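Beneath this line is the structure, given in structure tokens, with notes to follow.
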Amino acid sequence: MRGVFAALLALSTLCGVTARAEDRYVLLGAGGVFDLAMPNEARDRAPAYAFELRLAPGLWHFHPHLGFQGTTDGMVYGHTGIHLDLPLGENLRVVPSGSIGLYDQGSNEKDLGGLMEFRVGAGLAWRFANGLRIGASWYHMSNAYTASSNPGAEMLFLEIGYPLSKWW
């Protein structure tokens with residue numbers, strides 16, 4: 001886990017990124033799959049959804065975010081964390097992130113071993129001239145060995161981001 005955050009720090013210092021005004025606040029909606037069998041054992045694969053509010057940049061191009069995700073069988077996860085929004089050329093973005101939050105498995109059979117869970121991942125997004133983003137992200141969620149059992153879960157999402165600069 002420390003390696004992920006060290007990589008995020010290294011990426012932020014290597015890239016001279018300045019946020020455009022339309023990138024300061026982005027509302028993200030996503031749909032995908034929870035509990036893919038890569039590399040962890042899948043127990044209860046389910047359709048998933050997610051919402052995230054990405055806020056203005058903070059220290060060294062890190063952006064804070066607040067989010068909520070769930071599945072059609074009742075799993076919910078509310079989280080907060082940080083991400084980087086790194087441009088590769090004019091339109092392509094790489095977005096690594098890390099979060100901490102509270103997890104309830106609902107009627108999903110995937111018991112992640114605790115209430116507090118960590119989520120790390122990365123995505124690619126295409127940013128259009130009007131600020132709209134379309135992309136895909138992969139995430140791994142686990143308790144990072146803070147409980148006796150740490151099965152972990154993988155998620156894959158297709159995402160659409162809308163800039164909120166017109167309101168803020």
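Details
- Added length on full extension, which subtracts the Cα-Cα distance from 0.36 nm per residue, Y145 to W60: 27.7 nm
- If R0 is 22 Å, the Cβ-Cβ spacing of W138 and S107 corresponds to a FRET efficiency of close to 0.35.
- Extending 7 Å from Cα along the Cβ direction at I100 and again at L36 yields two label points whose distance is 2.7 nm.
- Scalar couplings 3J(HN,Hα) for the stretch 109-122, obtained by applying the Karplus form with A = 6.51, B = -1.76, C = 1.60 to θ = phi - 60°, are 7, 7, 8, 8, x, x, 7, 8, 10, 10, 10, 10, x, 7 Hz; x denotes Gly and Pro.
- Net charge of neighbours whose Cβ lies under 13 Å from the Cβ of I82, counting Lys and Arg as +1 and Asp and Glu as -1: 0
- Sequentially through the stretch 127-134, phi angles give Karplus couplings (6.51, -1.76, 1.60; θ = phi - 60°) of 9, 7, 4, 7, x, 4, 10, 10 Hz, Gly and Pro residues having no value and appearing as x.
- Whole-Å distance, taken between Cα centres, linking the stretch 114-161 and the stretch 22-101: 5
- Look at E154, E90, E52 and count the other Cβ atoms within 10 Å of each Cβ; fewest to most, that gives E90, E154, E52.
- Annotation for T80 and A129: the two label points, set 7 Å from Cα along the Cα-Cβ direction, are 3.9 nm apart.
- Here's how it looks for A46: its modeled amide H is under 5 Å from those of F34, which are all 5 or more places away or on a different chain.
- 5 angstrom amide H check on G152, placed H, neighbours 5+ away: N143
- Sorted by Cβ density within 10 Å, fewest first, the residues D35, D104, D73: D104, D73, D35
Each reported figure results from applying straightforward, stated rules to the coordinates on display, with no laboratory input. Fair warning: this is a prediction, and the values are worked out from it, not measured in the lab. Positions of Cβ are backbone-derived with ideal geometry, glycine not excepted, and every protein chain shown enters the neighbour counts.
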